[in-house]
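Here's the structure, in structure tokens; my notes come after.
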There are 2 protein chains.
Amino acid sequence: MRAVAWWAVRRRARPARQNGRVTSPAVLDPAIAARLKRDAQGLVAAIVQQHDTGEVLMLGWMDDEALRRTLGEGRVTFWSRSREEYWRKGDTSGHVQHVRSVALDCDGDALLVRVDQVGGACHTGDRTCFDAGDLGATVGAP
Amino acid sequence: MRAVAWWAVRRRARPARQNGRVTSPAVLDPAIAARLKRDAQGLVAAIVQQHDTGEVLMLGWMDDEALRRTLGEGRVTFWSRSREEYWRKGDTSGHVQHVRSVALDCDGDALLVRVDQVGGACHTGDRTCFDAGDLGATVGAP
């Protein structure tokens with residue numbers, strides 16, 4: 001975990017009630033954390049897909065804390081490798097990603113985050129980050 | 001580039017003809033290579049999607065040579081981080097990925113590879129590597 005030292009957090013794996021509201025647990029569920037295969041920077045790749053059209057919108061990166069927030073808040077939070085900070089998609093642009101589901105892949109190094117995307121997912125204004133990037137591949141048969 | 005020293009290859013950016021057949025260039029097109037933002041291991045993430053249904057099948061990793069082969073062969077080749085070797089999907093399993101298109105994202109660190117997948121994409125036998133991994137996220141509104 002990147003932003004919070006392990007000894008500084010209360011290990012509380014299940015949602016708790018505070019003033020009658022269900023609050024997010026303070027750390028990622030240890031059963032989920034144990035399944036993650038993080039890279040050298042403690043990150044896993046997060047593929048973001050529009051839940052109904054199937055469009056692949058973008059790829060972001062999450063550490064344990066970004067995944068904890070994403071699983072609990074209904075909004076997608078990434079770790080920004082360039083800015084080295086958490087980044088909740090849409091907070092500045094308005095292009096919010098509402099979570100529909102999150103799944104971890106078979107070897108624990110990639111997440112599939114299905115969302116309802118408001119506006120364009122790409123900072124260029126495009127709907128997806130791949131719209132402008134076709135590389136002219138040879139098409140395979142059949 | 002991982003498997004081939006830069007000084008050992010002929011820099012030939014366009015397809016050449018050999019005995020009447022169009023052959024792949026020996027190195028990745030430098031114009032494409034210049035757009036890649038590789039990680040510390042020289043890799044970019046490659047999201048693989050079924051071209052017609054929109055299913056996200058798996059996430060793999062490519063270095064320049066794996067991308068060169070994928071763009072030129074009509075079949076998807078990854079770099080296996082665990083086995084440290086090139087891996088052309090389906091050569092042992094039969095679960096071939098026929099390339100439909102390849103696009104690079106806006107910041108050069110992710111590829112979207114649209115394919116026609118034969119059989120299951122996952123080594124577990126599942127259709128996708130995310131089928132068994134739902135993490136029970138809170139669903140966001142609206």
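FYI, it's all coordinate maths here, none of it is from the lab. All values reported here derive from a predicted model rather than from experimental measurement. Here Cβ is always computed from backbone atoms with ideal geometry, including for glycine, and neighbour counts include all displayed protein chains.
Per residue of peptide B:96-106, the mean number of Cβ atoms on other chains within 10 Å of the residue Cβ is 6. Cβ crowding within 10 Å ranks B:67, A:28 as A:28, B:67, fewest other Cβ atoms first.
Which order do the peptides A:103-115, A:82-94 come out in when sorted by mean C-beta neighbours inside 10 angstrom, highest first? Write out the running numbers ahead of the final one.
Values: A:103-115: 22.1, A:82-94: 13.0.
The peptides rank, most packed first, as A:103-115, A:82-94.
Taking 7 Å steps out from each Cα toward its Cβ at residue B:35 and residue B:126 produces label points 3.2 nm apart.
Just tell me how shielded B:53-62 is by partners: mean number of partner chain Cβ atoms within 10 Å of each residue's Cβ, no decimals.
On the way: counts 1, 7, 3, 10, 2, 6, 11, 1, 2, 0.
Mean partner shielding for this stretch: 4.
Measuring between their Cα centroids, segment B:125-142 and segment B:46-84 lie 21 Å from each other.
With the cut-off at 18 Å, report for segment B:38-129 the share of all Cα pairs above it, as a whole percent. Don't skip to the end; give the middle numbers.
On the way: 1556 of 4186 pairs.
Tail of the P(r) past 18 Å holds 37 percent of the pairs.
Residue-level result for chain A: its Cβ closest to the axis carrying A onto B, with that distance in Å, is A:54, 1.
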